[in-house]
1. Quick one: is residue 193 surrounded by 15 or more Cβ atoms within 10 Å (Cβ to Cβ), in contact (Cβ under 8 Å) with a residue 40 or more places away in the chain and among the β-branched types (Val, Ile, Thr)?
2. Going through segment 166-182 one residue at a time, which ones are under 18 Å from the mean Cα position of the chain (by Cα) and closer than 26 Å to residue 58 by Cα?
3. Any chance segment 74-92 includes a residue that's touching a Cys at 6+ places or on another chain (Cβ under 7 Å) and assigned to a helix (DSSP H, G or I)?
4. Only one of these conditions is not met by residue 140: (1) in a strand (DSSP E or B); (2) of a type in the set (D, E, K, R); (3) modelled with pLDDT of 95 or more; (4) within 20 Å of residue 5 (Cβ to Cβ). Which number is it?
5. Please go through segment 68-82 and pick out each residue that is out of contact with any helix residue (DSSP H, G or I) (no Cβ under 7 Å at 6 or more places or on another chain), under 21 Å from residue 142 (Cα atoms) and surrounded by 19 or more Cβ atoms within 10 Å (Cβ to Cβ).
6. Within segment 147-182, can you find the residues that are surrounded by 15 or more Cβ atoms within 10 Å (Cβ to Cβ), at pLDDT 95 or above and part of a loop (DSSP other than H, G, I, E, B)?
7. Consider residue 57 carefully, then state whether it is touching a residue at least 60 places away in the same chain (Cβ under 8 Å), loosely packed, with under 14 Cβ neighbours inside 10 Å, touching a helix residue (DSSP H, G or I) at 6+ places or on another chain (Cβ under 6 Å) and not basic (Lys, Arg).
8. Kindly indicate whether any position in segment 124-132 is in a helix (DSSP H, G or I) and either β-branched (Val, Ile, Thr) or more than 22 Å from residue 52 (Cα to Cα) (or both).
Amino acid sequence: MNHLEIKDLNLVDYIDAWDLMKSNVSRRSATDQDEVWLAEHNPVYTLGHAANEEFLLEENNIPVVRTDRGGQITYHGPGQLMIYFLINLKRLGWGPKRLICELESMVIELLERYGIHAQRREGAPGIYVDEKKIASIGLKIKRGFCYHGISLNVDMDLKPFGGIVTCGIPSLEVVQVSDFIEISMTQIKADLIELIKDHNTEAA
């Protein structure tokens with residue numbers, strides 16, 4: 001990921017961040033820098049473009065947004081770190097499988113820094129700790145560019161996950177970083193940025 005720029009959007013509504021991503025990708029040229037955006041969102045359920053609405057189990061005051069990413073339904077809220085990747089895949093020569101593998105590996109390496117042993121799960125993209133999901137991944141590829149990315153549960157209210165079939169997997173439980181270690185969102189972001197820069201340097 002050469003020519004990489006990292007931006008922190010802080011707390012922003014999901015729809016506003018999504019609109020920014022779509023606008024950015026629509027005008028992006030082959031020579032523009034790749035970008036990684038960090039963000040947190042106000043409470044929202046999001047469904048992938050082909051997600052089953054039956055996986056929304058209960059009506060509550062949390063907005064529901066059908067988006068253009070892949071994947072099923074999930075929840076976003078304060079205390080969850082969104083990591084959005086706006087990357088020129090043609091320049092990297094990556095396909096979707098390589099992209100997902102690289103992004104998952106980055107999160108697994110980040111969690112290993114905290115002594116949290118995470119892994120992939122066959123047939124179910126994302127990151128798991130003891131079969132419980134700690135990070136979800138959903139992407140969109142358009143014109144050779146990707147956007148959307150990964151949501152990492154750091155220190156949030158997990159109760160809204162009870163209102164959905166998370167990622168379309170019945171009985172799937174969720175977990176977060178704060179279940180294992182006391183760490184601030186600020187520190188998580190700093191460690192992630194360092195890790196991204198290290199990977200970017202190695203790929204240059």
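1. On the way: surrounded by 15 or more Cβ atoms within 10 Å (Cβ to Cβ): no; in contact (Cβ under 8 Å) with a residue 40 or more places away in the chain: yes; among the β-branched types (Val, Ile, Thr): yes.
Taking the combined requirement at face value, the residue does not satisfy it.
2. As a first pass, look at segment 166-182 and keep what is under 18 Å from the mean Cα position of the chain (by Cα): 166-169, 172-178.
Answer for segment 166-182, where residues must be under 18 Å from the mean Cα position of the chain (by Cα) and closer than 26 Å to residue 58 by Cα: 166, 167, 168, 169, 172, 173, 174, 175, 176.
3. Yes: one or more hits.
4. (3)
5. Those that are out of contact with any helix residue (DSSP H, G or I) (no Cβ under 7 Å at 6 or more places or on another chain), under 21 Å from residue 142 (Cα atoms) and surrounded by 19 or more Cβ atoms within 10 Å (Cβ to Cβ): 69, 82.
6. Scanning segment 147-182 gives 154, 155, 156, 158, 175, 176, 180.
7. Details: touching a residue at least 60 places away in the same chain (Cβ under 8 Å): yes; loosely packed, with under 14 Cβ neighbours inside 10 Å: yes; touching a helix residue (DSSP H, G or I) at 6+ places or on another chain (Cβ under 6 Å): yes; not basic (Lys, Arg): yes.
Spelling it out, residue 57 is indeed touching a residue at least 60 places away in the same chain (Cβ under 8 Å), loosely packed, with under 14 Cβ neighbours inside 10 Å, touching a helix residue (DSSP H, G or I) at 6+ places or on another chain (Cβ under 6 Å) and not basic (Lys, Arg).
8. At the first step, the residues of segment 124-132 found to be in a helix (DSSP H, G or I) are none.
For segment 124-132, residues in a helix (DSSP H, G or I) and either β-branched (Val, Ile, Thr) or more than 22 Å from residue 52 (Cα to Cα) (or both): absent.
The values are calculated or read from the model by the stated rules, or taken from the named source; none is laboratory data. Just so it is clear, the model here is predicted, and its values are computed rather than measured. We place every Cβ from the backbone using ideal geometry, glycine too, and count neighbours over all the protein chains shown.
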